[in-house]
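Beneath this line is the structure, given in structure tokens, with notes to follow.
The values are calculated or read from the model by the stated rules, or taken from the named source; none is laboratory data. The shown structure was predicted, so the numbers you read here are calculated from the model rather than taken from an experiment. Every residue, glycine among them, receives a Cβ derived from its backbone with ideal geometry; neighbour counts consider all protein chains shown. Accessible surface areas use protein heavy atoms only, side chains included; no ligands, DNA or RNA. Shrake-Rupley method; radii C 1.70, N 1.55, O 1.52, S 1.80 Å.
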There are 4 protein chains.
Amino acid sequence: MAGSSYGNLFRITTWGESHGAAVGVVIDGCPAGLPLSEADVQHYLDRRKPGQSRFTTARQEADHAEILSGVFNEKTTGTPISILVRNQDQRSRDYGKIKDCYRPGHADYTFDAKYGFRDYRGGGRSSGRETIGRVAAGAVAAKLLNHLGITLTTYTRSIGNICVPETEYDFSCISENELYMPNNIYARKASAYLEECIKSRDSSGGIVECRITGVPAGIGEPVFDKLDAALSGGIMSIGAVKGVEIGDGFIAARNVGSENNDPFYSDNNRILKKTNHSGGTLGGISDGDTILLKAAVKPTPSISREQETVTSAGVPTTISITGRHDPVIVPRAVVVVEAMAALTIADFLMINMSARLDSLERFYL
Amino acid sequence: MAGSSYGNLFRITTWGESHGAAVGVVIDGCPAGLPLSEADVQHYLDRRKPGQSRFTTARQEADHAEILSGVFNEKTTGTPISILVRNQDQRSRDYGKIKDCYRPGHADYTFDAKYGFRDYRGGGRSSGRETIGRVAAGAVAAKLLNHLGITLTTYTRSIGNICVPETEYDFSCISENELYMPNNIYARKASAYLEECIKSRDSSGGIVECRITGVPAGIGEPVFDKLDAALSGGIMSIGAVKGVEIGDGFIAARNVGSENNDPFYSDNNRILKKTNHSGGTLGGISDGDTILLKAAVKPTPSISREQETVTSAGVPTTISITGRHDPVIVPRAVVVVEAMAALTIADFLMINMSARLDSLERFYL
Amino acid sequence: MAGSSYGNLFRITTWGESHGAAVGVVIDGCPAGLPLSEADVQHYLDRRKPGQSRFTTARQEADHAEILSGVFNEKTTGTPISILVRNQDQRSRDYGKIKDCYRPGHADYTFDAKYGFRDYRGGGRSSGRETIGRVAAGAVAAKLLNHLGITLTTYTRSIGNICVPETEYDFSCISENELYMPNNIYARKASAYLEECIKSRDSSGGIVECRITGVPAGIGEPVFDKLDAALSGGIMSIGAVKGVEIGDGFIAARNVGSENNDPFYSDNNRILKKTNHSGGTLGGISDGDTILLKAAVKPTPSISREQETVTSAGVPTTISITGRHDPVIVPRAVVVVEAMAALTIADFLMINMSARLDSLERFYL
Amino acid sequence: MAGSSYGNLFRITTWGESHGAAVGVVIDGCPAGLPLSEADVQHYLDRRKPGQSRFTTARQEADHAEILSGVFNEKTTGTPISILVRNQDQRSRDYGKIKDCYRPGHADYTFDAKYGFRDYRGGGRSSGRETIGRVAAGAVAAKLLNHLGITLTTYTRSIGNICVPETEYDFSCISENELYMPNNIYARKASAYLEECIKSRDSSGGIVECRITGVPAGIGEPVFDKLDAALSGGIMSIGAVKGVEIGDGFIAARNVGSENNDPFYSDNNRILKKTNHSGGTLGGISDGDTILLKAAVKPTPSISREQETVTSAGVPTTISITGRHDPVIVPRAVVVVEAMAALTIADFLMINMSARLDSLERFYL
């Protein structure tokens, strides 16, 4: 309830601050028997690693994942999987200005308001380093999903006003450009835009999109624990996310029913939809189609441009945030969005197993 | 976990189907001592009642709230408050077509896929009548919030492409037009548009907006239980909602940091923001400013226009949904969005009370 | 968290006070497809009904169960099952003394201390009528368990010092005597003892025992959610229970390991234990043997003998509790203990279904 | 739900196996501002450390606690506190017999039945080393309680048949004898008895008792989350515990109401009880008196005496468990019982803070 746990049957608890000794996650409820190695986790962590391009912070962080429990003879045992990542780059430095004043767009003021004081070193618990635990756990969830034929494809849809049209997607490009966009030409345009942002000592927002294929129909719970509600809550819990859409999202609000409804048809005894405005869920339960979601990521709040603010005592001052900061966090948010989606789907697949009496009968009789 | 409960310390459980005997809600964790009457609940229920305008279904439903427990001498006792609303309009009728085929845009197919069969009478649990429990509980949460100086203002921002600009808001209009829009001129335009929808046997989507003032800074939990994440999950759990925004939402994704960051200033020893792009939360914790959220509501899926679909056996067919259906559900969704917001804020106010040692000391020493 | 919900996947929420309009329960998560009727629930409720013998209160309560949702065409639908029991016997009367002073052994003082005031009519929420919701839900859980080959046998082991030795059990007697003892001779002795209690205006405690057969090995979660821990917490939550034992219980504390350990053997490819000191769990996980638990029930606190106490203002006074009260609640607690055990086992059977990767593979591939 | 988390607002998640890299715990929800150092945690861990007497295993384990997060400038920050204890004594050895056969009284068989395989090294997750996480977290909870004037006194009440009568308690003795008994003479008798057990290659059970003073009246939630129910569930989740009593426990089952009811009186405007048969709770809510609970601990299942069992293939065999094992685990269980009690009380103190409207008003207005 204090906010560091996520999920029900597949449940994670993350911990750690930006400049503490380490960050990590405990995964409780991962099914026994899943092959798992530190390399599986490392592969995901490397996707969020800083220092990979000129648009991400130059902090050199090895972010090496150590699995401390829950794996025996290279398989998960069903007991908690504890994953630890030591913070490498904790050099003591002068936090002077940050320590005493509130950075606009950051959680400095709200943490102070809540707890009475805060760990001011690099944002403490509100730092983006908090997402390492999510991503490490997401790697395990994604491995479980892959075993069950479920695939997640996540990418940068837009940066600023540079948005890849759906008709020009080429998913093979995602790993080819440092912005994780599904089109290299748009990626070059976005790079040029980001260079401008850097020059003007500013930063940019963008949109991350995630497509999940292979989820069988019937996943999600009616009413409050709808699959799309859970996905939205999970995605919105990522620090910089300010909006979430499922399927057509806000477009649906401008449309008429005859356009928005997806006609059913059947093929080879499977019931399918001719379109996918719904984004793969109906009534909060998966309909067997691709689950499609979008996350609006705000511009990095840390900018070197001078900004007005106040000290914790309320005295007006200005601040220019120097040091190593990403002019855009969207590319690094891609794997975080994917992790949250994977964790949510894994949890709901497990919850769904006891939805019917005949499932219990097959399992126990 | 089966999805009919919401909240933690202020926790509700709803139940009931469209054409069953009744629908209702149990509220567990409402603080003791809150003055509460059936009229308080009825007032909220009346805001979602059908049959109020020519744009809402003509079903005559009294929707009378009965409080069965948890209130003694006109005050809440701290024990569960059970509220029951009998279904009045359960006349047996021919569900023939609906019974055997899947309505596009509805949860018929996904409920079948999940449970193996479904209550096909009017959508069963996936019907909009499910929201009665939310609204009844939301009335109690809102009463609690009002006691603490917190006010919610919720309205229809847009219907189809008719969108009230922020500069033309007049909140006194909300109760004056049957669409709950904050501007009567736009409401007339929207009415004209809805008349067209009815003529073309179609329906319209729209956007609901909610503003919450008076929430002190410090509410919300870091990481997964951010206040905005919880609000988003709660709002997205409303049947027809396909997108959620906090503050600038998707606009933030197109902006630069110097525009999106809200400068701090201080006034009379209070720390305030010059703008509110953040929508009242920073790092998932309230910053003392107005909390602003938007929900995209899809067009009513029930339209009388002929649509392609399949039977539950997979045979192609067409369906025209006759009977009493709203050409737009946005106005009725207004109070549902407000209810979910009130429930979420009430819960997080309670959770926050134990965040600091000095609070425990003041309480217990 | 406010205490009126129990369970995880099979989760119930009870509500209602002794002298309010009704009491009830909402069951969320019951698997779809279970045949269920009001008669199934009524059968269980009748086992806890007052007025059945001269040792239970003469209050005439029909306690008629009404199922309001979650059942369609005589089968559960997977959505919440709401069960309501109207309070019949709410005649207004003079609560004078009870209203203003604290009955020893009752929760009057502690409710006042917690909430600042209380519903003094017959104990309000702390009344034994609260257990109606547990028993109604337990009936549903027990029906589910029976479908899976699991049987619960629950009975009065002892009343005062009259205790049926294990060697003299005859389970066919349980339904033959009004005390639900597994031996009619001991039941007669206990009846004689209770007559003495009535004469001396006093009451008696006793022990309820529950045996659960057919639970497969592997049910229960390691560490905090051990099956025996959950059973103990559930049983101890019944108002008058002051002690719980699994298997040998406190006897095990006096024994040596060579006596207490149960040797394994195998028969027909099944692994079995030669003895059952463990009471059917090892490391908190079921071992396939009979689960055996005992609950110590305190004597009814309502006695007509004069007792010392204070008013809510702290003024010394005395009280004699007149009216309709059971000289022993043990026989009526039998079905409540069984209900809590059934609810716990049902929940843990469901939780266990996702413990292994190969189960997920079989379910989804 | 997979069983490694405990508590609600003050919530812990433990992880780690006997012979893995480390064991640990994450505490989420500890109030901000509590002074906390590794020494506070170490002090508690040392009380459960093996190798302290001739009756505990000779394994040399430093069990050094490292706090990795959640503490800044020597105070808790309100964010998760991650505590790690490296396993020192993981020398690789021959697990041959244990690997392939089921030790009586251990969880070997049930883990295999649940998960399909197990970490057989020293019991894996079912080892007593799992309790390190509980004790480390319990140290933090106890520190919080002490700040609020609440004290826990826990000790060995009995070993085998050697039981200290309540009239001969001298709590100053608890730290003077290696069995943590509140009477040195009985401790000597118990030591002599344990010497006999060792000679006969056997082990002994015993009873742990815990007294909690200073808990204000009003703590605990009605119905399922009664304070005594939560304490019982928590205590019963400790591996070797087979029975729990609150107050008079099973004695109450033999008593009459006039003996068992505690008369109220008042002193200096405080409402008190003349006796404490209830053990400090009425209706599951604390009554302001000492909370008294007892836990029955079974004899150590690991004995060097030859025992009958089967291999995992079901072949009959015998086993003698050699190596370092405690002839009694009761003294080491003392601090584990205290930890579970402290965790439970801390959680419920926090939950209680929002029970009344006037508390919210004082907090927020």
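Could you tell me whether any residue of region A:30-40 is farther than 22 Å from residue A:154 by Cβ, modelled with pLDDT of 75 or more, away from chain D (no Cβ under 14 Å) and not in a helix (DSSP H, G or I)?
yes
What pairs come out if I take residues in region B:56-82 that are assigned to a strand (DSSP E or B) and pair them with residues that are at pLDDT below 95 whose C-beta lies under 7 Å away, six or more apart or interchain?
B:72/C:119
Search region A:107-121 for residues being of a type in the set (Ser, Thr, Tyr) and assigned to a helix (DSSP H, G or I), and hand back the single one that is nearest to residue D:76 (Cα to Cα).
Ranking the qualifying residues of region A:107-121, first place goes to A:115.
Which numbered condition trips up residue A:308, out of (1) within 10 Å of another protein chain (Cβ to nearest Cβ); (2) under 19 Å from residue A:151 (Cα atoms); (3) surrounded by fewer than 24 Cβ atoms within 10 Å (Cβ to Cβ)?
Only one criterion in (1) within 10 Å of another protein chain (Cβ to nearest Cβ); (2) under 19 Å from residue A:151 (Cα atoms); (3) surrounded by fewer than 24 Cβ atoms within 10 Å (Cβ to Cβ) is unmet by residue A:308, namely (2).
Out of B:239, B:280, B:243, which single residue is within 24 Å of the chain's Cα centre (by Cα) and within 21 Å of residue A:103 (Cβ to Cβ)?
Unique residue meeting the criteria: B:280.
Just for region B:198-220: of the residues that are open to solvent by less than 10 Å² (accessible area, probe 1.4 Å) and facing chain A (nearest Cβ under 7 Å), which one is nearest to residue B:163 (Cα to Cα)?
Ranking the candidates gives B:206 first.
Please state which one of A:87, A:146 is over 24 Å from residue A:204 (Cβ atoms) and either out of contact with any helix residue (DSSP H, G or I) (no Cβ under 8 Å at 6 or more places or on another chain) or hydrophobic (A, V, I, L, M, F, W, C) (or both).
A:146
Scan region A:21-41 residue by residue and report those that are under 11 Å from residue A:85 (Cβ atoms) and crowded, with 24+ Cβ neighbours inside 10 Å.
Of everything in region A:21-41, those that are under 11 Å from residue A:85 (Cβ atoms) and crowded, with 24+ Cβ neighbours inside 10 Å turn out to be A:23, A:24, A:25, A:41.
Within region C:316-359, count every residue that is part of a strand (DSSP E or B) and surrounded by fewer than 24 Cβ atoms within 10 Å (Cβ to Cβ).
The total comes to 5.
Quick check on region B:160-173. Is at least one of its residues more than 14 Å from chain A (Cβ to nearest Cβ), in contact with a Pro (Cβ under 6 Å, 6 or more places away or on another chain) and either part of a helix (DSSP H, G or I) or under 30 Å from residue B:304 (Cα atoms) (or both)?
Yes, there is a match, as at least one residue in region B:160-173 is more than 14 Å from chain A (Cβ to nearest Cβ), in contact with a Pro (Cβ under 6 Å, 6 or more places away or on another chain) and either part of a helix (DSSP H, G or I) or under 30 Å from residue B:304 (Cα atoms) (or both).
Conditions: (1) at the interface with chain C (Cβ under 10 Å from one of its Cβ atoms); (2) within 30 Å of residue B:10 (Cα to Cα); (3) not hydrophobic (A, V, I, L, M, F, W, C). Residue D:344 meets all but one. Number of the miss?
Tallying (1) at the interface with chain C (Cβ under 10 Å from one of its Cβ atoms); (2) within 30 Å of residue B:10 (Cα to Cα); (3) not hydrophobic (A, V, I, L, M, F, W, C), residue D:344 fails exactly one: (1).
Looking at B:192, B:113, B:142, B:187, which one is open to solvent by 40 Å² or more (accessible area, probe 1.4 Å) and on the phi < 0 side of the Ramachandran plot?
B:192
Please state which one of D:84, D:68, D:148, D:144 is of a type in the set (A, V, I, L, M, F, W, C) and either away from every other protein chain (no Cβ under 11 Å) or farther than 15 Å from residue D:30 by Cβ (or both).
After applying the criteria, what remains is D:84.
If a residue has to be within 17 Å of residue D:228 (Cβ to Cβ) and facing chain D (nearest Cβ under 7 Å) to count, how many in region C:225-245 make the cut?
Total meeting the criteria: 12.
Is one or more of the residues making up region C:128-151 at pLDDT below 95, in a loop (DSSP other than H, G, I, E, B) and more than 18 Å from the chain's Cα centre (by Cα)?
Scanning region C:128-151 turns up no residue that is at pLDDT below 95, in a loop (DSSP other than H, G, I, E, B) and more than 18 Å from the chain's Cα centre (by Cα).
Only residues that are hydroxyl-bearing (Ser, Thr, Tyr) and modelled with pLDDT of 85 or more: list them for region D:41-68, please.
Of everything in region D:41-68, just one residue is hydroxyl-bearing (Ser, Thr, Tyr) and modelled with pLDDT of 85 or more, namely D:44.
Do you know which residues across region B:116-125 are surrounded by 24 or more Cβ atoms within 10 Å (Cβ to Cβ) and either at the interface with another protein chain (Cβ under 8 Å from one of its Cβ atoms) or over 19 Å from residue C:81 (Cβ atoms) (or both)?
B:118, B:119, B:124, B:125
Test residue D:128 against the stated conditions and say whether it is open to solvent by 10 Å² or more (accessible area, probe 1.4 Å) and at the interface with another protein chain (Cβ under 9 Å from one of its Cβ atoms).
no
Can you find, within region C:174-184, the residue that is most open to solvent (accessible area, probe 1.4 Å) among those that are part of a loop (DSSP other than H, G, I, E, B) and more than 25 Å from residue C:215 (Cα to Cα)?
Looking at residues that are part of a loop (DSSP other than H, G, I, E, B) and more than 25 Å from residue C:215 (Cα to Cα), I get C:176.
Under 21 Å from residue B:318 (Cα atoms), touching a helix residue (DSSP H, G or I) at 6+ places or on another chain (Cβ under 8 Å) and hydrophobic (A, V, I, L, M, F, W, C): is that true of residue A:303 in this structure?
no
With the requirement that a residue be open to solvent by less than 10 Å² (accessible area, probe 1.4 Å) and either assigned to a loop (DSSP other than H, G, I, E, B) or of a type in the set (Val, Ile, Thr) (or both), what does region A:42-54 give you?
Of everything in region A:42-54, just one residue is open to solvent by less than 10 Å² (accessible area, probe 1.4 Å) and either assigned to a loop (DSSP other than H, G, I, E, B) or of a type in the set (Val, Ile, Thr) (or both), namely A:50.
If a residue must be closer than 28 Å to residue B:2 by Cβ and surrounded by fewer than 18 Cβ atoms within 10 Å (Cβ to Cβ), how many such residues does region A:257-271 contain?
Final tally of qualifying residues: 1.
Here are some conditions: (1) over 30 Å from residue D:125 (Cβ atoms); (2) at pLDDT 95 or above. Residue C:253 meets all but one. Which one does it not meet?
Looking at each condition in turn, residue C:253 falls short on (1).
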